[in-house]
Amino acid sequence: MERRAYYRNRLLPWLLIAPQLILIFVFFYWPASQALYWAFTLEQAWGGGNVWVGFDNFRQVFGDARYWNTVMRSGLYALAATGISMTLALVLALFVDRSLRGTKIFQDVYIWPYAIAAPAAGVAFRFIFSPEAGLVGTLNGMWPGIWNPATNGAHALLMVIVCHAWLGIGYNFIFFLAALQMIPRSMFEAGAMDGAGPARRMIDLQLPLIAPTTFFLLIMNIISSFTDSFGLIDVMTEGGPVGSTEVMVYKIYFDGFRGLDYSGAAAQSIVLMLLVMALTFVQFKWIERRIHYA
Amino acid sequence: MTFTRLLAAALAASVSALTASPAFAASTKFEFWYGLSGDLGERVQEMCKRFNDSQNEYEIVCVGHDTYEATLQNTIAAFRANKQPAIAQIYDGGTLDLMLSGAYVPARELMEKNGHQIDWSNYFSGIASYYSTSQGELLSFPFNSSTAMIYYNTDALKKVGFEGLPETWEEVEQVARAMKGAGYDCPIAFDPTGVWQWFEQFSAIHNQPIATKGNGYEGLDAEVVFNKTKFVDQLTWLKKLHDEGLLVHKSKATGETSNAAFVNAKCQIVSSSIADHGTFAKQAVEGMNWEVAMLPIWAGTERKNSLVGGASLWTLKGKSDEEYKGAAAFYNFIAQPDQVEWWSTVTGYIPVTNTGFQAMKAKGFYDKAPYKGRELAIESLTYTPPTEYTRGIRLGNFTAIRKEMGDTIQQVLFQNVPVQEALDGAAERSNAVLRRFEKTYQGAQLN
């Protein structure tokens, strides 16, 4: 049955949503429109004026081989960070859901990483992974040169991805756990009576039933790895060595704020925005169809 | 309960603010944003306090932004929102952007208008030229000025039997090899992001261009040429030393900076700013002996003056006459001989005027430890009158070019990209940055 409330006063609903609209306008639409304008001009850093250049900024961005590298890197980053984070969170949630000994404690402990600000975690991980002073650095004592994120780009990227994934585990864990606990126990018990073991019940019952949550988390994780990686990278590697941890959002920051190329950064922001929108659209269009909302 | 307590506290605070304010009522407040942190940041605060204590017409409010880059970014953002400070400390790399912005009040105009007599020729020409128009008019005030130096652990030099200090790169290579042989793991500490000392200063003292048009002083259409100068050989040489283990990568990314490795006596040679002289004296491990020297040159090269580093103070447009009066008074205050001496003593930055330097020299400031050696920075800066390529670097978005160079050095050292190929690539990308900058400011005149 559908229930709807109507307002007699036409003004009232607008007034009620006005605070939210104003916030969205001031903090999203207005800056976004500004960025859109800058993307088609060459903007002077100190605001002395600008010249209209049409699609020049986009042509330059797309014509730069380094830019494509950052796009590919961002994709890899998103897949790896999302994959690691969601898999581990799901495994942890499945165990906690089984009410093993100490569940109550783990339930709380696993959430903690989410409460840590990315830069703080970055500092800690930078120390852990530091080639000379860090904990992982002791590996270098045994096999000299085996681990060096300061000069080896692959090591540096791995280090940042691991940290990003670690930070996301808590968030994913809560959602997975909540979803698992919402599955009616009766369904589960029926399965058990029919002779399905824990593994079988997980594959045939739990995973399909939490699919909407998995889908939601997938979108949130991918978007977050495209847009929230900035703080972490800035603290851990500053995009280095030789740009090997430079993802799209970090390049925007560097070109815009440090390189003072506001227009180039604005064009890249537009590209990133479109990309994230497209990804979300694809996910809803193709993946959501296969998902059954209980 | 809590609420009433809060209310009471708020009331108390506002009452005390009310009663306190008459004391400041007569003074004009103006802001100064700076980018130094840690010990140096505290010294800036102390300087502000000294100014405020010296008079009661103006009150300077000094706000630290941690780094030069953050100061520049925040100042730009504030300027665009019309909330800029009267004075901002802007680093060397941000000079040209600001120069073309028209967002500043030229130093000479400010001082003349407010009735201060300044002998502009008193500034060391190598320092003034970095912040002047190509006609020589100083636009901002040199504030914390430094130049790159090389520091040697003299215990290690003694151990390998080297008399005095190496003066050429040949000698540096020789002692580094001897140190390695004597069991030192890290003869030279090298931070690849130290583009300023390893590339810019090298180019200046060997009189090598960084860009055409006199390093950009004569037009926005300058092009970088560092892929065709002696720096190609220098980078090849650095690579050779790195591969032999004579030059060791030390940076924030490895967990220990090159300066930290030097003061901990783990590395024996480091190149850094003269501004670190005081810090080294404080931090060097017990019993370690070290000395500072001018950057080495290649044998048979004629040494030129090195470039000034650090930052200068810009007066920004859009403030009241009263605030400008205060700013001018502040500049005048910090140029007084006793202030100059105090600032150089507590920081390691060099005096920027000839009289300032002579006064300190006459007092015997440079004769004994821990200040002995700092006069070499002045010698390095004033070694020759500035040439076309040693007066400074005037390239747009120079921070982006610095990053290209830092990446290039890392590519060569750590990823074995051939030197020429890496430098050509960096030059191409740097020129793209410059062309973009030129287009952004098309029609603007460099003066």
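Here are some notes:
- Tally, over the stretch B:356-402, of residues that are within 14 Å of chain A (Cβ to nearest Cβ), outside any loop (DSSP other than H, G, I, E, B) and touching a residue at least 40 places away in the same chain (Cβ under 8 Å): 4
- Those strands (runs of 3 or more DSSP E) of the stretch B:44-153 in which 3 or more residues are within 15 Å of B:GLY309 (Cβ to Cβ) occupy B:87-91, B:141-146, B:148-153.
- Test: residue in the stretch B:416-435 that is more than 11 Å from chain A (Cβ to nearest Cβ), under 17 Å from the mean Cα position of the chain (by Cα), in contact (Cβ under 8 Å) with a residue 40 or more places away in the chain and buried (at least 17 other Cβ atoms within 10 Å of the Cβ): no
- Within the stretch B:214-255, restricting attention to residues that are outside any helix (DSSP H, G or I) and without any contact (Cβ under 8 Å) to a residue 40 or more places away in the chain, the residue that is nearest to A:PRO149 (Cα to Cα) is B:GLY255.
- Looking across the stretch A:230-248, the residues that are surrounded by fewer than 22 Cβ atoms within 10 Å (Cβ to Cβ) and more than 11 Å from chain B (Cβ to nearest Cβ) come down to A:PHE230, A:GLY231, A:ASP234.
- Listed by position, the helices (runs of 4 or more DSSP H) contained in the stretch A:107-185 that have at least 3 residues being modelled with pLDDT under 85 and buried (at least 16 other Cβ atoms within 10 Å of the Cβ) form an empty set.
- Residue list for the stretch B:107-161, filter: within 30 Å of B:GLU286 (Cα to Cα) and polar (S, T, N, Q): B:ASN144, B:SER145, B:SER146, B:THR147, B:ASN153, B:THR154
- Residues (away from chain A (no Cβ under 13 Å) and either in contact with a Lys or Arg (Cβ under 8 Å, 6 or more places away or on another chain) or surrounded by fewer than 19 Cβ atoms within 10 Å (Cβ to Cβ) (or both)) located in the stretch B:244-264: B:GLU244, B:LEU246
- Under the condition of being modelled with pLDDT under 90 and more than 12 Å from chain A (Cβ to nearest Cβ), the residues counted in the stretch B:72-94 number 1.
- Residue match in the stretch A:269-291 (condition: acidic (Asp, Glu) and within 14 Å of chain B (Cβ to nearest Cβ)): no
- Taking helices (runs of 4 or more DSSP H) as the structural unit, those lying wholly within the stretch B:273-347 and holding at least 3 residues that are of a type in the set (Phe, Trp, Tyr) correspond to B:321-334.
- Residue within the stretch A:199-206 that is within 30 Å of A:SER74 (Cβ to Cβ) and among the hydrophobic types (A, V, I, L, M, F, W, C) present: no
- Verdict on A:ILE252 being buried (at least 24 other Cβ atoms within 10 Å of the Cβ), assigned to a helix (DSSP H, G or I) and away from every other protein chain (no Cβ under 12 Å): no
- Listed by position, the helices (runs of 4 or more DSSP H) contained in the stretch A:1-89 that have at least 3 residues being within 12 Å of chain B (Cβ to nearest Cβ) and farther than 30 Å from A:ILE169 by Cβ are A:56-62.
- Index of the failed condition, B:ASN153 passing every other in (1) buried (at least 20 other Cβ atoms within 10 Å of the Cβ); (2) in contact with a Phe, Trp or Tyr (Cβ under 7 Å, 6 or more places away or on another chain); (3) closer than 29 Å to B:ASP92 by Cα: (3)
Table: residues versus (1) of a type outside the set (A, V, I, L, M); (2) in contact with a Lys or Arg (Cβ under 6 Å, 6 or more places away or on another chain); (3) under 25 Å from A:PHE106 (Cβ atoms); (4) at pLDDT below 90.
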site: A:ARG200; (1), (2), (3), (4): yes, no, yes, yes
site: A:GLN206; (1), (2), (3), (4): yes, no, yes, yes
site: A:ILE219; (1), (2), (3), (4): no, no, no, yes
site: A:THR227; (1), (2), (3), (4): yes, no, no, yes
site: A:GLY239; (1), (2), (3), (4): yes, no, no, yes
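- Enumeration of residues in the stretch A:196-208 that are within 14 Å of A:ASP97 (Cα to Cα) and touching a residue at least 60 places away in the same chain (Cβ under 8 Å): A:PRO198, A:MET202, A:GLN206
- The stretch B:354-390, subset of a type in the set (S, T, N, Q) and in contact with a strand residue (DSSP E or B) (Cβ under 9 Å, 6 or more places away or on another chain), residue surrounded by the most Cβ atoms within 10 Å (Cβ to Cβ): B:SER380
The values are calculated or read from the model by the stated rules, or taken from the named source; none is laboratory data. Since this is a predicted model, take the numbers as computed values, not measurements. Cβ: placed from backbone, ideal geometry, glycine included. Neighbour counts: every protein chain shown.
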